[in-house]
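The values are calculated or read from the model by the stated rules, or taken from the named source; none is laboratory data. The model shown is predicted, which means the values in this text are computed figures rather than measured ones. Note that each Cβ is placed from the backbone with ideal geometry, even for glycine, and that neighbours are counted across all protein chains shown. Accessible surface is based on the protein model in full, side chains and every heavy atom, while ligands, DNA and RNA are left aside. Shrake-Rupley method; radii C 1.70, N 1.55, O 1.52, S 1.80 Å.
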Amino acid sequence: MLSLPERAVRSLSALSGGLLRELGNVALPASIRRTTLYHTMVEVALRFLIEEVGQVEGIYPAEGKLAENFLLKRTASHGIELLGMLAFHASPIWILAALADASGGGLKLIHEISEALQEEGLLERDARFDSMEQILDGLEKTSSHLANTLNLPPVDIPGLRREWAQLKSEFETIPPKNVPGVEQVEQIWEKLEQAAAEQHRSVFMVSSLIAISTIAHVPANVIWLSRAARSAARRTGKVLGEAILDHYTAALAEIGRTGFVPYWTREFRPYLRGAASQFAQEHESLTERLLRRDAATPPPPAAPE
């Protein structure tokens, strides 16, 4: 009797995971199912659901025990860094590097940012990067490898290339007074490095958390620099990336004031509250409702002898 809940969960996992997998095989084109993003974000999760939770054998080739590394790899990526890969276009690492390169005076900053990416294994450690084109080439070379070996979502290099090409095209039309100075960009980078050191976190992790916060709090139409560049070119006094840079400054100040974990907790509070509420005494679980309903049901009358 006590094992019935586990058996029900495993049975449901086997059926639902298998159904979703078969629906994907039928409904989705093979070109989509072969992509690295589909494999890392969908297929791996379905395999864990089917093979490890549902304990269905013979569906996948036995090239190794998936569960031994699945949770470890997901935990090692810290969740925040994984989301930072997906939100890379809003990351200070990307935004500051793009502004520094586009302005033509940020070679020192490009070197420092590339070193931060090398520390994370996102760029080759022995290579030298002097421009955004070289950084994009390096990310393209390593991102797919990391996705295949660590089940991490790849950085959207084609999207970043389009963004960079559009930004360079729009940058030529922006009045100089509407372009942020290299000194301002470098100051924000220095604050980012200082915050990472004070919080004992990597620059990439702090940058990833700020990227998630940026997407949540900054209007979507200004997060992409190419769109912000068009606005800066048309409107007098509209500084390119001003809203993003202001948010970076405020976020770094808040992290320095409260700490990394409290800032992360505030950003993820709705999800943390929902998770914690499952253990609240006043929260009635489905199991409790079923047991109370069964207890309230009167027993059937005894059959006459």
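Below, the figures for the structure above:
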| read-out | value |
| --- | --- |
| Lone unmet requirement of (1) open to solvent by less than 70 Å² (accessible area, probe 1.4 Å); (2) at pLDDT below 70; (3) of a type outside the set (Phe, Trp, Tyr); (4) in contact with a Lys or Arg (Cβ under 9 Å, 6 or more places away or on another chain) for Thr36 | (4) |
| The stretch 99-110 residues that are in contact (Cβ under 8 Å) with a residue 12 or more places away in the chain and within 16 Å of Thr173 (Cα to Cα), paired with ones that are open to solvent by 30 Å² or more (accessible area, probe 1.4 Å) and of a type outside the set (A, V, I, L, M) (beta carbon under 7 Å, 6 or more apart) | Ala102/Lys168; Ala102/Phe171 |
| Tally of residues being surrounded by fewer than 22 Cβ atoms within 10 Å (Cβ to Cβ), part of a loop (DSSP other than H, G, I, E, B) and modelled with pLDDT of 90 or more across the stretch 92-129 | 1 |
| Qualifying residue in the stretch 2-20 (condition: of a type in the set (Asp, Glu), open to solvent by less than 70 Å² (accessible area, probe 1.4 Å) and at pLDDT below 75) | no |
| Test result for Ile223, under 26 Å from Glu119 (Cα atoms), within 18 Å of the chain's Cα centre (by Cα), modelled with pLDDT under 85 and not basic (Lys, Arg) | yes |
| Breaking point among (1) modelled with pLDDT under 85; (2) open to solvent by 10 Å² or more (accessible area, probe 1.4 Å); (3) assigned to a helix (DSSP H, G or I), for Ser143 | (2) |
| Subset of the stretch 229-242 (residues that are in a helix (DSSP H, G or I) and open to solvent by less than 50 Å² (accessible area, probe 1.4 Å)) | Ala229, Ser231, Ala232, Ala233 |
| Positions within the stretch 168-203 being in a helix (DSSP H, G or I), open to solvent by 10 Å² or more (accessible area, probe 1.4 Å), over 25 Å from Arg227 (Cα atoms) and of a type outside the set (S, T, N, Q), in sequence order | Glu190, Lys191, Glu193, Ala197, Glu198, Val203 |
| Positions within the stretch 154-167 being in contact with a helix residue (DSSP H, G or I) (Cβ under 7 Å, 6 or more places away or on another chain), open to solvent by 30 Å² or more (accessible area, probe 1.4 Å) and modelled with pLDDT of 85 or more, in sequence order | Arg161, Gln166 |
| Residue in the stretch 204-220 that is surrounded by the most Cβ atoms within 10 Å (Cβ to Cβ), counting only those that are at pLDDT below 85 and either in a helix (DSSP H, G or I) or on the phi > 0 side of the Ramachandran plot (or both) | Ala216 |
| Of the criteria (1) among the polar types (S, T, N, Q); (2) open to solvent by 50 Å² or more (accessible area, probe 1.4 Å); (3) at pLDDT below 85, which one Asn151 fails | (2) |
